[in-house]
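Working notes, beginning with the structure itself.
The values are calculated or read from the model by the stated rules, or taken from the named source; none is laboratory data. Please read all numbers here as calculations on a predicted model, not as lab measurements. Cβ placement follows ideal geometry from the backbone for every residue including glycine, while neighbour counts extend to all protein chains displayed.
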Amino acid sequence: MNKAITDGIVFMPPPFSAGLDVWSKEEGTPGSATYDGDPLAVLVPSDADFGGCLEVIKSTSNQKIRSMGETPILPGCYLRVTARVKAVGGNLPGVRISAWAGGSGGSHVTGLTETGPATTLTAYGDVVEVSAIIGTGARTGVDLPWNTDVIYAHVGLDLTGPNGGTVRIDDLIVEDVTSAFLRDMMDWVDVRDYGAVGDGTTDDTAAFNDADNAANGRAVLVPAGTYYIGNTITMDNPVRFVGSLVMPTDKRLTLKKNFDLPSYIDAFGDERIAFEKAVQSLFNYNDHDSLDMGGRKVDLTEPVDVHAAVDNLDSFLVRRVIRNGQLQASTSTDWDPTVATSQATYSATDSKVLTGVSNVANIEVGSLVEGTGVGREVYVKAKNIGSQTLTLNKALYDAEGTQNYTFTRFKYLLDFSGFDNMDKIVLSDMEFQCSSRANGIMLPKDGLNFHIRDCFITSPQNRGITSIGGACQGMMLDRCQFLSAEQSELVQNRISIAVNINSNDAKIRDCRAVRFKHWLVLGGSNYIISGNHWFQGDGVNQGVRSAGIVFTSTNVSTTITSNYVDNNFIEWTNEHDATPDYTNGYSFGAMTVEDNIFFATHPASWFNFFVVKPFGSGHFLHGLNITQNVFKSIGGGIDRVEQVDESFAGLDYGRFRNVSFHSNTFNGVNQMAVSPVMLQFDQNTAASTWTLNFGDYMPFGGRVRNVESVVTENAITKSGGGALWSMPYVRVERGTNSQEVDLTWEQACSGRVQVIGRVDNPN
């Protein structure tokens, strides 16, 4: 680059032969004394070495010769000022290039270097060349490094040392030598050309902004050094980082043209800081909806508190995506859970609040709550130190009164819990490598449509994805892998839970989960669970198996379709109900379990694939469809596939309604459960009342509440012979367990019937 050529800018001062009235004996500023008429200065028209030149007799200790013309000083433009001199008599002085730095309005820009290196003349008649380079960047080779406050210069030279010597000076040359500092084919501008210092303490914000403004589509180069940026900046042009940045936590860097994690890592040199700064910009800049991690792995020694990183927002309701990278937990004590124990009081009338909480200030939001009468996955959603209260995400089923609770705060790679509300956050194509020491993702307090897709949650210490409030409303989990850190642990020793969801409308599709204590703990309703495979076995024959999915409310409006339920079971409870006894409204219902594979290896005979566990009395089934599934056990048969766990209470079998349990396949199951079920009965001895035992076919040990049809096969024969043409009437719910049906005929008879009985009232 040469501005004299490309832009026609005149840098050269006039020759001495043009007149000495434009050559100053002072700084060259308007009104300063000139050499015109000075008896100690004369023009030499024809010097053997120089041609025309200026001859002066040195008469002051620092004799100045300055052009009164204003030589432009431009950011990114480097000027070399050269003077050729020789001594012709008297004392031998020193010579150096000098220039006066001029700013806006003719002001003097002070505090800058305005003299170049000095050279002492050593012999008469020897031509000596002195030069110095002026520029706005503090580069190696720049003798007069100025800043962008300088807009012009009065260039010239100084004669130093002893007086009385006679010196001849050739015309000064000022040339653009920018090409010595910048590449021949320049597609960038350098922040140092605009005054950046890069010493780690000087605020280079203005230089970065000026360089970006000048780039006009070219890249901005940040050369080697550490650049302190003291304020928020947005770079409109691509930025290339050789050096690195230091910024206050609350100041943002937005790279509009290369908004990706590798660029932020280049910018800050620290993966964690880079990730937090990139996320900070993601949530504060409207033109980018996604942060591409560029396939990079970020090693973390402590959780990423997303709210603290963003710093200036409590809610965010616009779609944002973080994708294509890995977060990995490295060895650090900052991953250790924090545990607090406190006495508190609970009342079912305010079912999600603990009152009178001692030591409340030391209990962290997001802590898991454990105590008598507390169900699974109950967390602290908020706290009020002044009122000594804690707000919970779920109610407690049997904790009335005052007791001690334990509050355990797990640490997460990505922690959103500081946000009050977030919508439409997407995590895509990421691995959360928890390394058996950290946990995966903690959701905000509230929000909608959190979407986690094509991600791996690998080896979480305790939890994979945790919801402490309502941000799981409408959450979508698609094609994710959940890989436990407890692969080698026996089922009964496992503690990790992959996902909990408190709210409604989640979609969990095409995921895979391996060897957690539980895969899903679901506290809401209206779920679609489809195409997943979750495996929870171990190598122990007839060993314990845990629930893969736990539902914690009664009327769930859920479909579980086309899944592979591998060595675990589905458990249905109401453990998050503050008054778990049934009084009115809906009981256990609105669930469809269809077209799934249920599989177990070497199970105990008492193992079941589907368990209903009421935490209060009076409940019943009202809307349950378990159809077209494959139930298979190998290495040992199981007694049946379904069960009511009566640890707290049983079911009211007399209120079963709309229960379908049919068209399933059973392998390695000793007793099928079917309703409606058609059984064939043979009455070989004539009797007017036939007792038909439906026995254990009724699902969940229920009653025969209805008979859909009675069909005779061949003739019904009277006791004295001949066919009986009349039909019987039916009495249901007979026998000790109400699992028998009486057929009453008009007279004693014998024969064969096919009877369809069912465990429910159909509507």
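Among the residues of region 36-49, those that are closer than 12 Å to Ser17 by Cα and either among the polar types (S, T, N, Q) or in contact with a strand residue (DSSP E or B) (Cβ under 7 Å, 6 or more places away or on another chain) (or both) comprise Val42, Leu43, Val44, Pro45, Ser46.
Take the conditions closer than 25 Å to Gly295 by Cα, assigned to a loop (DSSP other than H, G, I, E, B) and in contact (Cβ under 8 Å) with a residue 24 or more places away in the chain and apply them to Ser436. Does it pass?
Numbers: closer than 25 Å to Gly295 by Cα: yes; assigned to a loop (DSSP other than H, G, I, E, B): yes; in contact (Cβ under 8 Å) with a residue 24 or more places away in the chain: yes.
Yes, satisfied.
Per the conditions (1) touching a His at 6+ places or on another chain (Cβ under 9 Å); (2) more than 29 Å from Ala604 (Cβ to Cβ); (3) of a type outside the set (A, V, I, L, M), the sole criterion not satisfied by Pro580 is (2).
Do we have any residue at all in region 576-587 that's part of a strand (DSSP E or B) and surrounded by 17 or more Cβ atoms within 10 Å (Cβ to Cβ)? It would help to see each step written out before you state the result.
Looking only at region 576-587, we keep the residues that are part of a strand (DSSP E or B), and these are none.
No.
Has region 331-339 got at least one residue that is part of a helix (DSSP H, G or I), exposed (fewer than 14 other Cβ atoms within 10 Å of the Cβ), over 20 Å from the mean Cα position of the chain (by Cα) and among the β-branched types (Val, Ile, Thr)? Checked against the condition, which is being part of a helix (DSSP H, G or I), exposed (fewer than 14 other Cβ atoms within 10 Å of the Cβ), over 20 Å from the mean Cα position of the chain (by Cα) and among the β-branched types (Val, Ile, Thr), region 331-339 yields at least one hit. Considering only region 281-288, I want to know if a residue exists there that is surrounded by fewer than 19 Cβ atoms within 10 Å (Cβ to Cβ) and either in contact (Cβ under 8 Å) with a residue 40 or more places away in the chain or under 18 Å from Asp415 (Cβ atoms) (or both). Yes, there is a match, as at least one residue in region 281-288 is surrounded by fewer than 19 Cβ atoms within 10 Å (Cβ to Cβ) and either in contact (Cβ under 8 Å) with a residue 40 or more places away in the chain or under 18 Å from Asp415 (Cβ atoms) (or both).
If you check Val380 against the conditions, is it aliphatic (A, V, I, L, M), closer than 22 Å to Val304 by Cβ and under 28 Å from the mean Cα position of the chain (by Cα)? In short, yes.
If you go through region 442-455 and pick out every residue that is surrounded by fewer than 19 Cβ atoms within 10 Å (Cβ to Cβ) and in a strand (DSSP E or B), you end up with 2.
One line per residue, one yes/no per condition, for (1) within 21 Å of Ser131 (Cβ to Cβ); (2) aliphatic (A, V, I, L, M); (3) at pLDDT below 95:
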site: Gly141; (1), (2), (3): yes, no, yes
site: Asp158; (1), (2), (3): yes, no, no
site: Arg168; (1), (2), (3): yes, no, no
site: Arg183; (1), (2), (3): no, no, yes
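This table checks each residue for (1) assigned to a loop (DSSP other than H, G, I, E, B); (2) farther than 22 Å from Ser332 by Cβ; (3) of a type in the set (Val, Ile, Thr).
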residue	(1), (2), (3)
Leu413	no, no, no
Met422	no, yes, no
Asp429	no, yes, no
Gly440	no, no, no
Gly464	no, no, no
Gly469	yes, yes, no
Leu477	no, yes, no
